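The values are calculated or read from the model by the stated rules, or taken from the named source; none is laboratory data. Since we're looking at a predicted model, the values are computed, not measured. Cβ placement follows ideal geometry from the backbone for every residue including glycine, while neighbour counts extend to all protein chains displayed.
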Amino acid sequence: MCGIAGLLQFTLSDRASLAELSGMQSALAHRGPDGQGRWASGAVGLAHTRLALVGLDSGAQPLSSEDGQIQLVLNGEIYNHRELRAGLERRGHRFATDSDSEVVVHLYEEQGERCLDALNGPFALALWDQRQRRLLLARDRFGMRPLYWTERRAGWAFASEIKALLTLRDVPRALDMTALCQTVQFWAPVAPRSAFAGIACLAPGSWLLLQPRHPAQPQPMALQQRWWDIHWTPDPQPGTFEEAAHRVRERLRAATEQQLQADVPVGVYLSGGLDSTALAALAAQAAHRHGSPLQAFALGFDDPAYDETPQQDAVAQALGLTLQRIRVGRGDIGQGFERLVWHAETPLVRSAAAPLMHLARLARQGGVKAVLSGEGADEVFAGYDLFKELRIRRLMAGGTASWRSAPLRRLYPYLRQSPVGLGGLSARWWSTSTPDADDPLLPLRTRMQVGNRFAALLHPHWRERWETEHVPAAHAGLTDSLPADFTRWPWLARARHLEFKGLLAGYLLSSQGDRVAMAEGLELRHPYLDHALVDDVARLPSAWSLRGLNDKRLLREALRPLLPAPLRQRAKQPYRAPDVSGLLGPDGQLPPALEDLVSADALHGHPWLDAAAATRLLTKCRQGRAVSTSDQQAFVTLLSLLSWQRQFDVKAVGERP
């Protein structure tokens with residue numbers, strides 16, 4: 001894992017500024033504490049900060065082709081680099097380093113941008129092709145590594161993080177209100193939007209070609225294309241359920257062993273749930289074969305509603321793991337909240353990313369530079385309660401169930417006040433959410449309804465525009481990116497696809513993933529997002545993952561030989577952290593820096609917010625009456641928005657078409 005940045009002028013006769021390139025590189029120093037490299041020639045400049053995991057002594061970047069016509073900077077890992085290197089060497093390519101990234105240079109020489117299809121792993125890259133006088137920016141299939149870009153007065157700029165782009169004087173600092181709307185409804189902006197107007201996020205599985213003007217190219221050109229997507233196409237002959245489970249187990253085993261490869265120690269995050277337990281079991285087997293211990297790292301919470309310490313201890317004992325844990329108490333999240341927002345570079349709706357920054361520091365202090373993480377398993381194997389809720393909604397629409405149905409007791413059992421639980425709250429919830437089979441965003445309606453609470457905190461002017469302009473634009477930003485035949489897909493395929501494109505890419509792999517880990521110089525690796533595994537499961541019958549309200553059937557069957565029944569059959573409890581109580585101290589106060597943000601003087605006359613509405617929510621939180629998920633999320637969003645605005649000096653709302 002590293003940081004990349006670069007500049008490209010609109011005209012080849014212009015020169016990229018080395019001073020600007022150096023400033024961008026400095027802003028990414030936390031992503032690459034092991035080294036820095038720069039290359040510039042005329043209109044183009046590339047910069048790299050390195051976290052060394054493979055080829056420790058010879059992997060400095062930028063990397064060059066043998067004739068110097070190609071220059072590459074890459075953030076990420078190419079897990080199948082050994083196999084690719086062997087084939088390239090047989091075809092006459094000569095390698096100058098042991099770096100896994102160098103295979104991209106030689107593959108591009110043969111195949112151009114089609115070389116991306118051969119890469120297995122997380123990456124964001126920039127490649128300058130001097131022969132064709134063009135810059136290729138590309139991002140991995142699922143968006144595990146970030147990449148942003150913007151158009152300036154005289155050219156383009158790109159970087160792994162937005163803060164590097166903001167070192168450039170002519171890059172504006174303005175809020176994209178539609179992106180904020182997407183954040184509160186989908187938990188993150190939807191690419192190509194970012195929280196900053198005018199700064200674009202390259203979508204997962206996409207590439208962007210930038211070409212300056214020259215005699216044969218009279219105008220600068222920016223061409224973007226998706227190079228990979230998930231195809232939820234049922235296999236007419238899927239074989240048996242048992243055969244598919246065996247295939248899943250072996251693919252997951254291979255992915256885990258492949259992602260353990262590094263020239264530095266690799267650990268594993270352990271939550272106590274099925275997903276991380278399975279990875280820990282497979283990783284422990286591989287470590288045992290190689291005679292090396294496996295280190296596991298876990299979070300504990302003083303609040304028992306969030307704590308999974310007993311489950312973590314049971315897994316560690318069963319697998320013989322060395323387990324290190326860090327505990328989070330009341331108010332601890334508030335102490336690091338501003339740093340979290342700085343690294344996330346966007347307003348947040350949950351506090352859960354903050355403890356993961358502490359966990360990353362624990363892992364780094366424990367001597368590892370990379371850890372395996374279980375993200376992606378719920379999307380691949382249909383593990384979220386959201387999918388079960390959608391099934392019940394469909395039954396209700398067909399008249400075969402009601403909001404009083406007993407199965408509702410099995411939804412969201414980990415929430416203190418579930419919006420779908422039995423009682424009057426549930427009656428109101430279900431009566432206002434009749435499913436529309438033609439609604440492409442139906443699977444997200446629960447999340448969107450919870451997020452709508454934040455709109456009440458907006459200034460009346462912006463509240464009106466929020467409903468009439470930004471909500472429609474926010475929804476269109478997601479629906480317009482969906483395949484043309486999306487509404488004809490099976491309902492579970494639609495729901496899973498939306499989770500991949502929204503929650504996973506925009507939030508779990510970003511604000512709660514890459515950004516908090518790289519704040520501590522730690523790389524996250526995701527075996528469940530091995531693309532061969534995802535492609536295989538996407539072609540299998542959906543009932544093999546979710547039948548009735550029985551989730552992850554295929555994964556649980558695949559893990560039968562690896563885990564005892566108590567570990568394999570544990571009910572889903574998603575990772576969460578206390579929001580209001582995590583931010584407020586025992587005295588009901590925020591840390592001083594956050595208190596300053598919500599003082600009467602600070603809120604009065606704020607251009608985007610209704611000071612009275614914000615004050616009422618704050619009072620409710622301080623008094624312990626904000627128990628609903630919608631109030632909790634509105635509180636986190638308010639604080640993070642104000643912190644983001646102050647730290648990045650954002651004073652305006654950018655108007656976008």
Just a yes or no: is a residue in the stretch 646-654 out of contact with any strand residue (DSSP E or B) (no Cβ under 6 Å at 6 or more places or on another chain), of a type in the set (Asp, Glu) and in contact (Cβ under 8 Å) with a residue 12 or more places away in the chain?
yes
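Tell me whether the stretch 567-577 contains one or more residues that are free of Cβ contacts under 8 Å to residues at least 24 places away in the same chain, charged (D, E, K, R) and over 30 Å from residue 638 (Cα atoms).
No: zero hits.
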Please indicate, with yes or no, whether at least one residue in the stretch 213-232 is part of a loop (DSSP other than H, G, I, E, B), of a type in the set (Val, Ile, Thr), touching a residue at least 12 places away in the same chain (Cβ under 8 Å) and surrounded by 18 or more Cβ atoms within 10 Å (Cβ to Cβ).
yes
Kindly establish whether residue 576 is over 23 Å from residue 245 (Cβ atoms) and either acidic (Asp, Glu) or out of contact with any Asp or Glu (no Cβ under 9 Å at 6 or more places or on another chain) (or both).
yes
Filtered residues of the stretch 486-537 (kept if more than 18 Å from residue 53 (Cβ to Cβ) and in contact with a strand residue (DSSP E or B) (Cβ under 6 Å, 6 or more places away or on another chain))
none
Applying the selection to the stretch 133-157, what residues are in contact (Cβ under 8 Å) with a residue 24 or more places away in the chain, of a type outside the set (Asp, Glu) and assigned to a loop (DSSP other than H, G, I, E, B)?
133, 141, 142, 143, 144, 145, 146, 147, 154
Considering 565, 517, 558, which residue is small (Gly, Ala, Ser) and surrounded by fewer than 22 Cβ atoms within 10 Å (Cβ to Cβ)?
565
Please go through the stretch 576-613 and give me each residue that is under 29 Å from the mean Cα position of the chain (by Cα) and among the aliphatic types (A, V, I, L, M), ordered by number.
577, 580, 583, 584, 590, 593, 594, 597, 598, 609
Set 193, 173: member being surrounded by 24 or more Cβ atoms within 10 Å (Cβ to Cβ), closer than 21 Å to residue 649 by Cα and either touching an Asp or Glu at 6+ places or on another chain (Cβ under 6 Å) or of a type in the set (D, E, K, R) (or both):
193
Those residues of the stretch 165-186 that are closer than 12 Å to residue 474 by Cα and assigned to a loop (DSSP other than H, G, I, E, B) come to a total of 1
Any residue that is over 19 Å from residue 480 (Cα atoms) and at pLDDT below 95 - is there at least one of those in the stretch 243-252?
no
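To keep it simple, each residue is scored yes or no on (1) at positive phi; (2) in a loop (DSSP other than H, G, I, E, B); (3) outside the structural domain of residue 358 (by TED's automatic domain parsing).
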{"position": "509", "(1), (2), (3)": "no, no, no"}
{"position": "512", "(1), (2), (3)": "no, no, no"}
{"position": "533", "(1), (2), (3)": "no, no, no"}
{"position": "557", "(1), (2), (3)": "no, no, no"}
{"position": "560", "(1), (2), (3)": "no, yes, no"}
{"position": "563", "(1), (2), (3)": "no, yes, no"}
{"position": "577", "(1), (2), (3)": "no, yes, yes"}
{"position": "581", "(1), (2), (3)": "no, no, yes"}
{"position": "589", "(1), (2), (3)": "no, yes, yes"}
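Residue-by-condition table, conditions (1) more than 29 Å from the chain's Cα centre (by Cα); (2) farther than 25 Å from residue 255 by Cα; (3) not in a helix (DSSP H, G or I):
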residue: 53; (1), (2), (3): no, no, yes
residue: 61; (1), (2), (3): no, yes, yes
residue: 96; (1), (2), (3): yes, yes, yes
residue: 100; (1), (2), (3): no, no, yes
residue: 113; (1), (2), (3): no, no, no
residue: 120; (1), (2), (3): no, no, yes
Is it the case that residue 455 is outside the structural domain of residue 185 (by TED's automatic domain parsing), farther than 20 Å from residue 394 by Cβ and buried (at least 18 other Cβ atoms within 10 Å of the Cβ)?
yes
Among 226, 251, which is the only one that is basic (Lys, Arg) and within 30 Å of residue 570 (Cα to Cα)?
251
For the structure I just gave you, tell me whether residue 475 is surrounded by fewer than 22 Cβ atoms within 10 Å (Cβ to Cβ) and modelled with pLDDT of 95 or more.
yes
Taking residue 124 as meeting all but one of (1) touching a residue at least 40 places away in the same chain (Cβ under 8 Å); (2) in contact with a Lys or Arg (Cβ under 6 Å, 6 or more places away or on another chain); (3) part of a loop (DSSP other than H, G, I, E, B), write down the number of the exception.
(3)
Please verify whether residue 480 is farther than 30 Å from residue 365 by Cβ and charged (D, E, K, R), treating the condition exactly as stated.
yes
